[in-house]
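The structure appears below as structure tokens.
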Amino acid sequence: MPELIEADVGPAARHRPRADTALATVPAGAPVSRVWAALGTAGVLQDLYAHDAHDTHDDRSARGGTAGAPDPARLAGLIRAVDARGDNGVTLSVLVQAASALPVLAACAPGTGPVRQALDAALSGTSTVALAATDGAAAGSDLAGLGTQVTIGADGLLLTGGKRWITTACGADWLLVLARHRPGRHFTSFTWVLVPATAPGVRVRPADTDLLTGSGTGHVELDGVRLPRDHVVGRPGRGMAVFAQHMGTERLAGALWAVALTSRVLADTKERLTRRHVDGRPLWEHDAVRQRYAGCLVQVRQLRALCESLGERVAHRQDLAAAALLKSAAGLVADPVLAACAQMQGADGFARGGAQRIRGEAGVFGIGGGVTELVLGAVADHADTVLTELRS
Ligand SMILES: Cc1cc2nc3c(=O)[nH]c(=O)nc-3n(C[C@H](O)[C@H](O)[C@H](O)COP(=O)(O)OP(=O)(O)OC[C@H]3O[C@@H](n4cnc5c(N)ncnc54)[C@H](O)[C@@H]3O)c2cc1C
């Protein structure tokens, strides 16, 4: 995605290695902790949020800036470089940390204290952080029904509940947990809490799955976890608002990943089709195959165009309608394109780590961070805005 990557690279980033250079010496198959450390050491994570990661609340209020907004070009470069390693689990983990957990931490971190320490450590790559919103007590599509409770008292916090299907949970140093501090579904009932993974009462068990194994996805039990008061992230009652404000960044990152992943699999598929002969001709020269393949290219090119046209709006203006368009488009494009690639690879698509496996793992585009059906509902909510833009 050259336009996005080359655009708007500030002076701080210019002398720093890009993500692909930072990862060049990290061995294939390295775990996410190593990939994350390499990105942090090279300053790639810092540069994502270079405008505001070190601002305090007061700094941001003074200049009226947007907290925790990434540079879309640098985000695209990061996602593409990590995807090129071909370990979808690791990519998912980097994506959720960089595009979901870091923006929430950066938006809320005061100048000192554990939240600031966690943010700084994550940005430097020395620690990893999982974002735990999906709750054991409610469907993921019913976030306001979550059951994990935090009691905020003068002498500290008491946290009880459970989270499920949390990327990086197995191995994260910190868990950023969305909890309720009062009953009810009102959006002011929720608060983020920073939980050290080693705190007494925290138990993590790996998700029972063969997919995305490098992501460290797991389920978290919080059994009477006691923490000091300064482990509240942001103001109590602002949890859902902060989440909604920064959700778009993960949605943009997901769409960028869908472009990178489908492009990578399409390139591999074309090479195979060129090598494989049927009736004396490479499959690539058969019209039906070419047309099917070209249809996939068109869909991916459209998705990339959507990323390019909406990236700035999502990152800097927190345009949730644009973010919903991007997320639903990623879910709707990745599945048919990867299914077509897997089919065109024939039996070889069933090889270990092959196209059929990738297709299954890419199902996360339609589930993680909000199922496609729910996100399409948000697109429908903004139908008039989208129509006005289409007709202008
Ligand atoms: C690999 C992986 C990693 C994840 N990582 C994280 C993470 O890091 N942090 C985190 O907090 N969560 C994470 N999740 C959880 C994810 O966000 C939830 O799975 C997701 O929000 C959906 O919730 P659910 O699984 O409970 O499905 P449900 O909400 O139970 O939905 C099940 C199905 O019902 C249908 N459905 C639901 N709602 C609607 C609707 N409104 N209209 C029509 N149909 C609907 C859809 O077909 C949907 O797929 C992860 C999930 C996976 C699979």
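Some points to look at:
- Filtered by the rule that a residue be of a type in the set (S, T, N, Q) and either within 12 Å of the ligand (Cβ to nearest atom) or exposed (fewer than 15 other Cβ atoms within 10 Å of the Cβ) (or both), segment 189-205 gives a lone residue, T198.
- The listed residue being within 30 Å of R352 (Cα to Cα), away from the ligand (no atom under 16 Å from the Cβ), crowded, with 18+ Cβ neighbours inside 10 Å and within 17 Å of the chain's Cα centre (by Cα), out of T269, T217, T262: T262
- In the set (1) within 14 Å of the ligand (Cβ to nearest atom); (2) of a type outside the set (V, I, T); (3) not in a loop (DSSP other than H, G, I, E, B), the condition left unmet by D208 is number (3).
- Of the residues in segment 273-293, none is among the polar types (S, T, N, Q) and either closer than 30 Å to L159 by Cβ or assigned to a strand (DSSP E or B) (or both).
- Test: residue in segment 256-279 that is on the phi > 0 side of the Ramachandran plot and in contact with a Ser or Thr (Cβ under 8 Å, 6 or more places away or on another chain): no
- Those residues of segment 280-314 which are small (G, A, S) and touching a residue at least 40 places away in the same chain (Cβ under 8 Å), in sequence order: G295, G311
Here's the yes/no breakdown for (1) without any contact (Cβ under 8 Å) to a residue 12 or more places away in the chain; (2) buried (at least 23 other Cβ atoms within 10 Å of the Cβ); (3) away from the ligand (no atom under 12 Å from the Cβ); (4) within 23 Å of P103 (Cβ to Cβ):
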site	(1), (2), (3), (4)
H316	no, no, yes, yes
L320	no, no, yes, yes
L338	no, yes, yes, no
Q345	no, no, yes, no
A351	yes, no, yes, no
G354	no, no, yes, no
T372	no, no, no, yes
T388	yes, no, yes, no
R391	yes, no, yes, no
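- Residue check, G237 over 28 Å from the mean Cα position of the chain (by Cα), modelled with pLDDT of 95 or more and not in a helix (DSSP H, G or I): no
- Residue match in segment 351-367 (condition: within 18 Å of the chain's Cα centre (by Cα) and not in a helix (DSSP H, G or I)): yes
- Residue within segment 180-199 that is of a type in the set (F, W, Y) and over 21 Å from the mean Cα position of the chain (by Cα) present: yes
- Within segment 194-221, residues that are free of Cβ contacts under 8 Å to residues at least 12 places away in the same chain and not assigned by TED's automatic domain parsing to the domain that holds A355 reach no partner that is crowded, with 19+ Cβ neighbours inside 10 Å and in a strand (DSSP E or B) with beta carbons closer than 8 Å at six or more positions or on different chains.
The values are calculated or read from the model by the stated rules, or taken from the named source; none is laboratory data. Note that the coordinates shown come from a computational prediction; the quantities given were computed from them, not determined experimentally. So basically every Cβ, Gly included, is an ideal-geometry build from the backbone, and we count neighbours across all protein chains shown.
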